[in-house]
Amino acid sequence: MNLVWAALITIFATALTVTAMLRVRKRAPEGSYFSDGDRASGVFGVLATGFSVLLGFIIFLSFTSYDQSRAGAESEATIVAQQVQTAQFLPGDAKAELTGELLCYARSVAGTEWDAVNAGTLGNSVNPWGAEMFRTISAVDPRTPVEQSAYDRWMDQTAEREQARIDRVRGAEGIIPTPLWLVLAVISVVIFGYLLFFADPAEGAVTQSVLIGSVTIVITLLLFLLVFFDHPHGEGVGRLQPTAMVRTIGLIDTQLGVVGVTVTPPCDDHGNRR
């Protein structure tokens, strides 16, 4: 979320509603347009409560999706590091091939795939290095108990990694449907319009401004929070970044160097095939 734009829009919206209140206040009858202020306040309480409950519920669900995407990214990175270790117990040339493809998978996630997620263009596409690893492991014929155990473990980790990837890309194209945004917009307009009927020339201009300005700030900020959770990927404060996978890439390089394993990944630093 761009904090500067969020602040400017909040200020503009507040200035707009405050100006509307002060203009209506000049022509409003003394005591506001409502003859029974208590009854009007009760109706406004129902509107505000219904809106806040709906908005709070949506924010909770959106935060759950955001947290699931973050946890998926962490789990995926951890499983990739574990699969590198598992690959070292597989037979023949498979260990070197799978290790290189895992490095390319990690680079792709932190590079081209993350860029596609940020842009919302990932869609239903799969990671090409995931398909390469499937073709490589399909040709493996484990014979010893260690190789068979490593093969079974690899397949389990692959399923876990794919599920983590699904969690990571969740919400990349938005999780809140358009009709719900329309409902929130209409309710917001209704609340602001209802507040204008509380315009009272007997009240001070500052009091009237605070009345509608505070409501405008709260609603606007909550809607911005909802926009943030609806698109958790991208650039800006609090957005999800490939920090875990970048850390895993460095960890894999360190581990391979410690055990003396030399692997030449068939891809560049962004995960593109050479």
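Please treat every number below as a calculation from the coordinates, not as lab data. Being a predicted model, the structure only gives us computed values, none of them experimental. Glycine also receives a Cβ, built like all others from the backbone with ideal geometry; neighbour counts cover every protein chain displayed.
Defining a contact as two alpha carbons under 8 Å apart and six or more residues distant in sequence, what relative contact order in percent does the chain show? Walk me through the numbers on the way to the answer.
On the way: 297 pairs, mean separation 114.2, N = 274.
After rounding, I find 42 percent.
Within the stretch 116-203, which GluC sites (Glu not before Pro) sit in a loop by DSSP and count at most 14 neighbouring Cβ atoms inside 10 Å? List each step's numbers first, then the result.
Numbers: sites: GLU132, GLU147, GLU160, GLU162, GLU173, GLU203; in loops: GLU173, GLU203.
Those satisfying the criteria are GLU173.
Placing +1 on the Cβ of each Lys and Arg and -1 on the Cβ of each Asp and Glu in the stretch 98-171, which of ALA110, PHE134, TRP154 has its Cα farthest towards the positive end of the resulting dipole?
Of the listed residues, the answer is ALA110.
In deg cm²/dmol and to the nearest 500, what is the mean residue ellipticity at 222 nm of the chain if only DSSP H runs of at least 4 residues count, each as -39500 (n - 2.57), divided by the residue total? Can you show the working numbers first?
Details: 9 runs with 194 residues, N = 274.
The per-residue figure over the chain is -24500 deg cm²/dmol.
Classify the stretch 170-259 from the C-alpha gyration tensor, please: rounded if a/c falls under 1.5, else prolate or oblate depending on whether a/b exceeds b/c. Please list the in-between numbers first.
Details: a/c = 9.35, a/b = 2.88, b/c = 3.25.
The shape class here is oblate.
Going through the stretch 1-106, which GluC sites (Glu not before Pro) have at most 16 other Cβ atoms within 10 Å and a DSSP loop state? Intermediate results must be reported in sequence, preceding the final value.
Numbers: sites: GLU30, GLU74, GLU76, GLU97, GLU101; in loops: GLU30.
Those that pass, being in a loop and sparsely packed, are GLU30.
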